[in-house]
Amino acid sequence: MKKNPNPTPLAVPLDDLEKAIGQTSLKASRDVNSLIVQNGNLITRIEVIPPANREWGGATFEAVVQIKTELPKEIVTGFRIGPQLAGTFNRMATLGALTIEKDCYFIGSRLTIYDQENAWELHRGILLSTAILAGDSFLGAIRRVFTKEEPLRGASAWTAQDLNLLESHLSAICVCSTRDLTLTAQLSLRGRNGSAMCGDHDTALWRVFADQPHPKLGGGLFCLLELPHRIVDVSRRDLVLNRLNQMEMAAHDLPPHFGAWCRGHQGNNPAYVAFFPNVMHSIEGIALNASIWALHRAKWADATLASLGVRL
């Protein structure tokens, strides 16, 4: 017997999300604890699953939301996508990572929801944006690169005032500064303040740019977390980056995953990128939350890389 979908699986109001998507040009349908969104030939599954461990480190978790947009086979075979090319494409990621798991290629994002978090307005905004934009913007950026189309331009909805406000919040937990339309923060990995710019190997660099548009979406907020770790072997680097993107999808106590691991500016260092288009400027607290997620992500990645044999 076919099961009727639960409107709020594990207290996540998928019915509310379905209603919001129904007001767009996309098609949405339900499948038990999942919401299926069709955008042209792209199909996105938003699935609510229980956390692997409901309690961890004194926190209680309510649910995990996984968002996957599987790439059409013609895209995978046409571009001959492997870990190296995935790492290149992920530098243009918006709200999800091109991830390879065995023979499955998908744009993946994840949200871990804490018990009594009361942050549905934030979660709703980012889930809705991801369902609508992540897959299409990713493929659009790739097409523009390979066809040499002019990338989109346009000013960001985020202003210097927005970044100054963000700095005022972050300065309580890390060393940070703003200049023009860029915020730079030094994130300690090992519990002491240092400077990534001065070559401190225990410090990650977090930067937020309001002057770097996305080639497909135009203006927005570009976020970049760079780690000090080095992986000299190119093949191993690409495999490690893909492994990080795989692990980000796990139903564990992890900061929300709406971006992608790729190679950083040094070429052999891991970096995490995300892009929030102008339409997301109205989501209250999105830049501050992304910065706090970056702090926790940097420490998680430091420990995870060590477990993979990559140490400072």
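The values are calculated or read from the model by the stated rules, or taken from the named source; none is laboratory data. Source: prediction; values computed, not measured. No Cβ is skipped: glycine too gets one built from the backbone with ideal geometry, and neighbour counts run over all protein chains shown.
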Restricting the search to the range 35-52, which residues are assigned to a loop (DSSP other than H, G, I, E, B) and surrounded by 13 or more Cβ atoms within 10 Å (Cβ to Cβ)?
Pro50, Pro51
From Leu85, Leu122, grab the single residue that is of a type outside the set (Gly, Ala, Ser) and free of Cβ contacts under 8 Å to residues at least 24 places away in the same chain.
Leu85
Restricting to the range 160-182, count the residues that are on the phi < 0 side of the Ramachandran plot and either touching a residue at least 40 places away in the same chain (Cβ under 8 Å) or part of a loop (DSSP other than H, G, I, E, B) (or both).
11
Within the range 14-34, of all residues that are surrounded by 15 or more Cβ atoms within 10 Å (Cβ to Cβ) and of a type outside the set (D, E, K, R), the one farthest from Thr60 (Cα to Cα) is Leu26
It is to be established whether one or more residues within the range 103-115 are over 21 Å from the mean Cα position of the chain (by Cα) and in contact (Cβ under 8 Å) with a residue 24 or more places away in the chain.
yes
Among the numbered criteria (1) out of contact with any His (no Cβ under 9 Å at 6 or more places or on another chain); (2) closer than 19 Å to Val65 by Cα, which one does Leu254 miss?
(1)
Going by what's in this entry, would Ala157 be described as in a loop (DSSP other than H, G, I, E, B), of a type in the set (A, V, I, L, M), at pLDDT 95 or above and surrounded by 17 or more Cβ atoms within 10 Å (Cβ to Cβ)?
yes
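Kindly state which strands (runs of 3 or more DSSP E) lie completely within the range 215-298 and contain at least 3 residues that are out of contact with any Lys or Arg (no Cβ under 7 Å at 6 or more places or on another chain). Write out each step before concluding.
Details: elements: 220-226, 260-263, 270-277.
It comes to 220-226, 270-277.
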Would you call Phe209 in contact (Cβ under 8 Å) with a residue 12 or more places away in the chain, in the same structural domain as Leu183 (by TED's automatic domain parsing), crowded, with 22+ Cβ neighbours inside 10 Å and of a type in the set (Phe, Trp, Tyr)?
no
Checked pairs for the range 16-43, first closer than 18 Å to Glu121 by Cα and not assigned by TED's automatic domain parsing to the domain that holds His123, second loosely packed, with under 15 Cβ neighbours inside 10 Å and of a type outside the set (A, V, I, L, M, F, W, C), C-beta under 6 Å and 6 or more apart or across chains, list as none
